[in-house]
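A.B. asks: Can you read through this structure? Questions will come right after.
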Amino acid sequence: MFQQLDIADSVRRQLSHATTPEHKADFGQFLTPATVARFMASMFPPSAVQTCRLLDAGAGVGSLSCALLDRWAAGGLGFDFESVEVTAYELDDKLREHLQRHLAAYPHVTSHIIAGDYIELATANGLHDRGYTHVILNPPYKKIHSKSAQRLALRSVGIETVNLYSAFVALAVGETMQGGQIVAIIPRSFCNGPYYRPSGTGPYGVSQLYGGGCVLSQL
Ligand SMILES: C[S@@+](CC[C@H](N)C(=O)[O-])C[C@H]1O[C@@H](n2cnc3c(N)ncnc32)[C@H](O)[C@@H]1O
């Protein structure tokens, strides 16, 4: 069966060859292969919500959103949504046009593609529950400098961390509605640290753990 994720994956492969290692390192950019994206989408438990409100922060070319949307489009796999609203943040101008095109291919999906820094935008007016029912993340892997604007923005909402990936997860937890589900690729060491109980964001528990990926569920 035709899946939009396959198209996104062929774009991912072309970009992987065409992008310099320096550019990848600058953006903490390691785009997820289709097999991993599909596996991540399969980790969400069945959901009876009518409108899926999906967050994909640091969305790249949209592979993770496509994996969830393909699971929904295939039917019979536990997603009974009537519609899906995707909010996808991406900092790299070079990836956004692909992201836009890949998500626009789905009927009954409203996409909000946001150009800019997720950390800056998510903290601009305090950290709020934005009603996301589902979050799918492969966040950027990079250190945050101690005096950077990102570090100060995170501190303004009570998050202290030195890694972009843990900042993305902490912000996503804060923006997700009660009972929401987050599937993220994160290092195993995340679960040893204080990160996944960031102050003010409510308790989450890890309900499944596979290699580097996990599902966070509200307790
Ligand atoms: C590890 S890649 C994963 C991309 C995509 N989620 C996937 O799985 O293929 C992280 C992405 O986050 C983007 N990014 C890096 N810093 C960001 C920021 N501060 N705000 C939004 N996007 C960012 C990068 O350009 C990159 O596309």
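No lab work stands behind these numbers, since they all come straight from the coordinates. Since the structure is predicted, the reported quantities are computational estimates derived from the model, not experimental observations. Here Cβ is always computed from backbone atoms with ideal geometry, including for glycine, and neighbour counts include all displayed protein chains.
A.B. asks: FRET efficiency for residue 10 and residue 74, Cβ-Cβ distance as r, R0 = 25 Å, nearest 0.05?
C.D. replies: 0.80
A.B. asks: Enumerate the amide H contacts of residue 163 below 5 Å, restricted to partners 5 or more residues apart or on another chain; note that Pro and chain-start residues carry no placed amide H.
C.D. replies: 144
A.B. asks: For residue 180, which sequence-distant residues (separation of 5 or more, or a different chain) have an amide H within less than 5 Å of its own amide H, given hydrogens modelled in the peptide plane?
C.D. replies: Under 5 Å from the amide H of residue 180: 218.
A.B. asks: List the aspartates and glutamates whose Cα sits under 12 Å from the Cα of residue 142, skipping any in the same chain fewer than 8 residues away.
C.D. replies: Straight-line reach from residue 142, under 12 Å: 26.
A.B. asks: Determine the gain in length on full extension of the stretch residue 149-residue 35; use 0.36 nm per residue of separation and subtract their C-alpha separation, reporting nm with one decimal.
C.D. replies: Difference between extended and current length: 37.5 nm.
A.B. asks: For the charge dipole of the range 9-113, defined by +1 on Lys and Arg C-beta atoms and -1 on Asp and Glu C-beta atoms about the Cα centroid, which residue among 19, 39, 84 has the Cα displaced farthest towards the positive pole?
C.D. replies: 39
A.B. asks: Just order 178-187, 65-74 by mean Cβ neighbour count inside 10 Å, highest at the front, would you?
C.D. replies: Ranking, from highest mean packing down: 65-74, 178-187.
A.B. asks: Sticking with this structure for a sec: Residue by residue through the range 89-103, which ³J(HN,Hα) values in whole Hz follow from phi under the Karplus form 6.51 cos²θ - 1.76 cosθ + 1.60 (θ = phi - 60°), with glycine and proline marked x?
C.D. replies: 9, 8, 7, 7, 4, 5, 9, 5, 5, 5, 4, 4, 5, 5, 6
A.B. asks: Which ³J(HN,Hα) values, rounded to whole Hz and listed in residue order, are derived for the range 172-187 from phi using the Karplus coefficients 6.51, -1.76 and 1.60 in 6.51 cos²θ - 1.76 cosθ + 1.60 with θ = phi - 60°, glycine and proline given as x?
C.D. replies: Using θ = phi - 60°, the values come out as 4, 4, x, 8, 8, 5, 3, x, x, 10, 10, 10, 9, 8, 9, x Hz.
A.B. asks: Explain nothing, just compute: Karplus ³J(HN,Hα) = 6.51 cos²θ - 1.76 cosθ + 1.60, θ = phi - 60°, for every residue of the range 28-37 in order, whole Hz, x for Gly and Pro.
C.D. replies: Using θ = phi - 60°, the values come out as x, 9, 9, 6, 7, x, 4, 4, 6, 4 Hz.
A.B. asks: Then there is this: For the peptides 141-150, 76-85, 89-98, what is the packing order when you average, over each peptide's residues, the other Cβ atoms within 10 Å and list the highest mean first?
C.D. replies: Going by the mean number of other Cβ atoms within 10 Å, highest first, we get 89-98, 76-85, 141-150.
A.B. asks: Enumerate the amide H contacts of residue 124 below 5 Å, restricted to partners 5 or more residues apart or on another chain; note that Pro and chain-start residues carry no placed amide H.
C.D. replies: HN-HN under 5 Å from residue 124: empty list.
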